[in-house]
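The values are calculated or read from the model by the stated rules, or taken from the named source; none is laboratory data. This one's a predicted model, so the numbers in the text were calculated from it and none came from an experiment. Neighbour counts run over all protein chains shown; Cβ positions are idealised from the backbone, glycine included.
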Amino acid sequence: GQQLNQSPQSMFIQEGEDVSMNCTSSSIFNTWLWYKQDPGEGPVLLIALYKAGELTSNGRLTAQFGITRKDSFLNISASIPSDVGIYFCAGQLGAGGTSYGKLTFGQGTILTVHP
Amino acid sequence: ETGVTQSPTHLIKTRGQQVTLRCSSQSGHNTVSWYQQALGQGPQFIFQYYREEENGRGNFPPRFSGLQFPNYSSELNVNALELDDSALYLCASSHITGTGTLSGANVLTFGAGSRLTVL
């Protein structure tokens, strides 16, 4: 099935460093989302973006909805050990209420933070 | 507030068998979506249930079917299991108001998943 192109596939960083990951698509999305998944758990929503060009922050996380509607990035500043996990971007095609459950996910970025 | 709960957490089946996975939606949510997550991949949308009816389907064959019950809980059924069906199956719930708009837009709450292994 269709998936978004997410990069990098994995990152190994030192605690305190900043992290950047991005997601691109050949299709336009009306909403971009970023999720984090810990081992043995389901994905947890970090940030939701609803408008092209929108820049949104959630604590140390910042994400942007690309102006072309075909890309998004997520930045994590001053990483800490609990940031370890798999980060997924997800796009939503439709604009109607019942389409909100139908998301297209990227392949994920595995983040490892060394203390 | 109760989150999304799924059962069983793990199960092993053999090729050709049938499996039923269960999901209880978060309190106050009326919509359930099912996703398949293969190892090392992102989740892929299977289908969504709203008002006890299938409301949209991803690229999955008819042997993947589901139900939603009046209490908004849901089941995913897979017939004639194949080796490639081995995956983590995630259920996610959300709320749609009577006007068709989503409350807390896009806040899909995922369960921890059911890990299916097909031998």
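In the stretch B:54-68, which residues are closer than 17 Å to B:Val32 by Cα and either of a type in the set (D, E, K, R) or out of contact with any strand residue (DSSP E or B) (no Cβ under 6 Å at 6 or more places or on another chain) (or both)?
Of the residues in the stretch B:54-68, the ones closer than 17 Å to B:Val32 by Cα are B:54-58, B:60, B:64-68.
Within the stretch B:54-68, B:Glu54, B:Arg57 meet the criteria.
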(request) Within the stretch A:74-97, count every residue that is outside any loop (DSSP other than H, G, I, E, B) and crowded, with 18+ Cβ neighbours inside 10 Å. (result) 12
(request) Kindly list the number of the only condition in (1) in a strand (DSSP E or B); (2) surrounded by 14 or more Cβ atoms within 10 Å (Cβ to Cβ) that fails for A:Thr112. (result) (2)
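Conditions (1) surrounded by 12 or more Cβ atoms within 10 Å (Cβ to Cβ); (2) part of a loop (DSSP other than H, G, I, E, B); (3) within 8 Å of chain B (Cβ to nearest Cβ); (4) not basic (Lys, Arg), marked per residue:
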| residue | (1), (2), (3), (4) |
| --- | --- |
| A:Asn5 | yes, no, no, yes |
| A:Met11 | yes, no, no, yes |
| A:Asn22 | yes, no, no, yes |
| A:Leu45 | yes, no, yes, yes |
| A:Ala52 | yes, yes, no, yes |
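Quick check: is even one residue across the stretch A:24-31 out of contact with any Phe, Trp or Tyr (no Cβ under 6 Å at 6 or more places or on another chain), crowded, with 22+ Cβ neighbours inside 10 Å and part of a strand (DSSP E or B)? It would help to see each step written out before you state the result.
To start, the set of residues in the stretch A:24-31 that are out of contact with any Phe, Trp or Tyr (no Cβ under 6 Å at 6 or more places or on another chain) comprises A:24-30.
Adding the requirement that they be crowded, with 22+ Cβ neighbours inside 10 Å leaves A:25, A:29.
Right, trim to part of a strand (DSSP E or B) and you get none.
No, the stretch A:24-31 has no match at all.
So that you can scan it fast, the table gives a plain yes or no per residue for (1) at positive phi; (2) modelled with pLDDT under 95; (3) of a type in the set (Phe, Trp, Tyr):
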position: A:Ser27; (1), (2), (3): no, yes, no
position: A:Leu33; (1), (2), (3): no, yes, no
position: A:Asn58; (1), (2), (3): no, yes, no
position: A:Ala63; (1), (2), (3): no, no, no
position: A:Ala78; (1), (2), (3): yes, no, no
position: A:Phe88; (1), (2), (3): no, no, yes
position: A:Lys102; (1), (2), (3): no, yes, no
position: A:Gly108; (1), (2), (3): yes, no, no
(request) At least 1 residues that are modelled with pLDDT of 95 or more in each: list the strands (runs of 3 or more DSSP E) lying fully within the stretch B:1-113 that qualify. (result) B:5-7, B:10-13, B:19-24, B:31-37, B:44-50, B:64-68, B:74-78, B:87-96
(request) Among residues belonging to the stretch B:36-63 that are more than 8 Å from every other protein chain (Cβ to nearest Cβ) and crowded, with 18+ Cβ neighbours inside 10 Å, point out the one that is nearest to A:Leu111 (Cα to Cα). (result) B:Gln37
(message) I need a count of the residues in the stretch B:69-96 that are under 20 Å from B:Gln26 (Cα atoms), buried (at least 21 other Cβ atoms within 10 Å of the Cβ) and more than 12 Å from every other protein chain (Cβ to nearest Cβ).
(response) 2
